[in-house]
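Scroll down for the structure; my scribbles are underneath it.
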Amino acid sequence: MPTFWAGIGQEKWGRGMSDFNKEKLLELMVEIAPGMGTAEHESDDDRLFLTNFLPVPDYRRALEPDALLILGGRGVGKTELFRLLALPSGRATLVEYLGIRALPSLDKTVWIAAFGRTRQQEKTFPVPETVDARMENANSIDWRAFWMGLMLGIMLRQKSGALNTTWADSIPLKIRQALTDKLSLLSDWLPLVRQNLEQINYALDLLDEKLIEADEWLFVTYDELDRLVSSYSKLAAPIRELLAFWLDRWRRWVRIRPKIFLRTDLFREDFLGFPDASKLRTHQINLEWKSSWLYQLLFKRLANSGSEMTEYLHLVPNLIKENNTALGIITTSEESLFQLMIEQIIGKFMGANARKGYTYRWITNHLQDAGGRIAPRSFLKLFSIAAKSRLDKFSEQNLPGNTLLQPLDLQEALMETSVDRIRELAQEEYPWLEAMKPCLNGLEVPIGKTKFLDVLANIEWSEQPAKRPPTSKPEEVLNYLLQLGIVESRSDERINMPEIYLYGFKVKRQGGIKRPK
């Protein structure tokens, strides 16, 4: 640690509240979740993106050649990791930060994105309406041609290593030009690719041989597969065929490997109708965040938000570990220091004493879903919303010592975070959740399973196929809600709902947080 910073933590310990501009600190805290934490609002500035990013230990496996499938729920960080792997500086940073050794040398690897945006306004791939229209009655060979065409279109634009050799010369020039220049025009190239699969497969086999000779690797990444077509019901066929294609090529190709980022609920055997799904188990990673990683992400973002906040965080010595890295300011992974810092920001307890709960544990306990999972997006939102709420009624007198927030700010922010969580799920992946709101409004949990099934049976689902659940049978809807972690089944078979969803659905629970009038 540079000498300048080394002394600050010691000097600040015990400083009075007048020494910090708390309004400025709260303003910086509001900004840690740009666009309320969605990946779509993360910066296109590579430097800023890296300062916001925290490589967690589980990401180590994402770089391994045998890791094919990377699963995670909404808001867990799949797209951020996808974007990181698309950046040469990002991959190098990941290797350095995690101390990865037993992997192919990065200068011997080429990474391409065969679907998904590495930049916010990217227009490389066909839009959903085009895919809907062209692939409406597609069979498995049509989908193979689709996926191979997209991959080939990106490969042909690369000019590095083995990709810069003559491997593609056997593919007719007309196809190469269409894929290179007009990849978003599906009607221009799909029939051509479909008719020339033999030559294309031959070329890709040749590329694999060239990669082996040069001791190089080609990694092909996929993200945002849920945005490929316009409705949930149409996703099964293309995802199933993408997975089947790569399982088949896994045995054929040695140095061409995929990294498929996929929502956990889309990898259900009953949804995909994919009997070989079990073969992918040994090649998959599940992205889930430990509570200590969430706090480390929070403090890393805060530390990089501005010099005033960096100085404030030195209230806890050794919380900040390193400055001026590619990832910006690095924080410790020592959980006891995170707890000390939370006590500085909010206080040790959520009330006058431990009966109201320890703040550090209260936060994670109230944000987890029925499976104990917490989305980093929701975690960051909680603090951002709480800071904004405190700013709206700012008064130094209400913030004793070095505190920036009061427990009530967190309690109110939890309700808004819950509302946002339901809103983002309903707007993006699960529009059918919107139809559940009227019937769940005012419901008190825990509730008997039979009564809950009666509630589900009375829901009026939308007539639009895109806004209907995968099934309308109450028992199957319940199973789906259980799988998503929106509800849980207790040992007495009563149905309960965790607080991260409770307030968004306006469901009640005895002893829950009182809603503000």
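Values as computed for the structure displayed
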quantity	calculated
For the chain, calculated [θ]222 nm from helices alone, where every DSSP H run of n ≥ 4 adds -39500 (n - 2.57)	-13500 deg cm²/dmol
Kirkwood hydrodynamic radius of the range 227-379, Cα pairs, Å	19.2
Prolate/oblate/rounded call for the range 347-401, Cα gyration tensor, a/c under 1.5 rounded	oblate
Largest-first ordering by accessible area, 1.4 Å probe, given options His314, His283	His283, His314
Additional length obtainable on full extension of the chain from Lys174 to Asn324, 0.36 nm per residue less Cα span	49.1 nm
Accessible area of the chain divided out per residue, in Å², using a probe of 1.4 angstrom	44
Net charge over other residues, Cβ less than 13 angstrom from the Cβ of Phe267 (K, R count +1; D, E count -1)	+1
Of all accessible heavy-atom area on the chain, the percent that carbon and sulfur account for (1.4 Å)	46
Bridge type composition, the chain - antiparallel percent by DSSP, nearest 5	25
For the range 386-516, size of Cβ-based charge dipole, Lys and Arg +1, Asp and Glu -1, in debye	300
Potential extension, Lys451-Glu213 segment - 0.36 nm per residue separation minus Cα distance	79.2 nm
Rel. contact order, % - alpha carbon contacts under 8 angstrom, at least six apart, the chain	20
DSSP-assigned coil residues among trypsin sites (Lys or Arg not before Pro) in the range 376-428, each with at most 11 further Cβ atoms within 10 Å	Lys393
Whole-angstrom Cα spans of the range 400-517 along principal axes, big to small	55, 34, 26
Between 0 and 90°, nearest 10: helix 88-98 axis offset from the chain longest Cα axis	50
Volume in Å³ per residue [convex hull over Cα atoms, computed for the range 192-298]	170
Dipole magnitude (debye, nearest 20) for the range 417-494, charges at Cβ of Lys, Arg, Asp, Glu	80
Rounded if a/c under 1.5, otherwise prolate or oblate - the chain, Cα gyration tensor axes	oblate
Summed side-chain charge close to Glu136 - residues other than Glu136 whose Cβ falls under 12 Å, Lys, Arg +1, Asp, Glu -1	-1
Cα→Cβ-extended label distance, 7 Å offset, between Ser187 and Leu106, nm	4.3
Rounded FRET efficiency, nearest 0.05, which uses the C-beta distance separating Ala352 from Glu31 and R0 of 45 Å	0.90
Förster radius 22 Å - calculated FRET efficiency between Glu460 and Asn286 (Cβ-Cβ, nearest 0.05)	0.05
Computed accessible area, Glu428, all protein chains, 1.4 angstrom probe, square angstrom	80
Electrostatic dipole magnitude of the chain [Cβ: Lys, Arg +1; Asp, Glu -1; Cα centre; debye, to 20]	700
Arg494, Arg117, Arg83, ranked by accessible area, largest first (probe 1.4 Å)	Arg494, Arg117, Arg83
Shape call, the range 57-178: gyration tensor on alpha carbons, a/c limit 1.5	oblate
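The values are calculated or read from the model by the stated rules, or taken from the named source; none is laboratory data. As the structure is a prediction and not an experimental result, all values here were calculated from the model. When we count neighbours, we look across all protein chains shown, and the Cβ atoms used for this are built from the backbone with ideal geometry, even at glycine. Quick note on the areas: whole protein, heavy atoms, side chains included, nothing else; ligands and nucleic acids left out. Shrake-Rupley method; radii C 1.70, N 1.55, O 1.52, S 1.80 Å.
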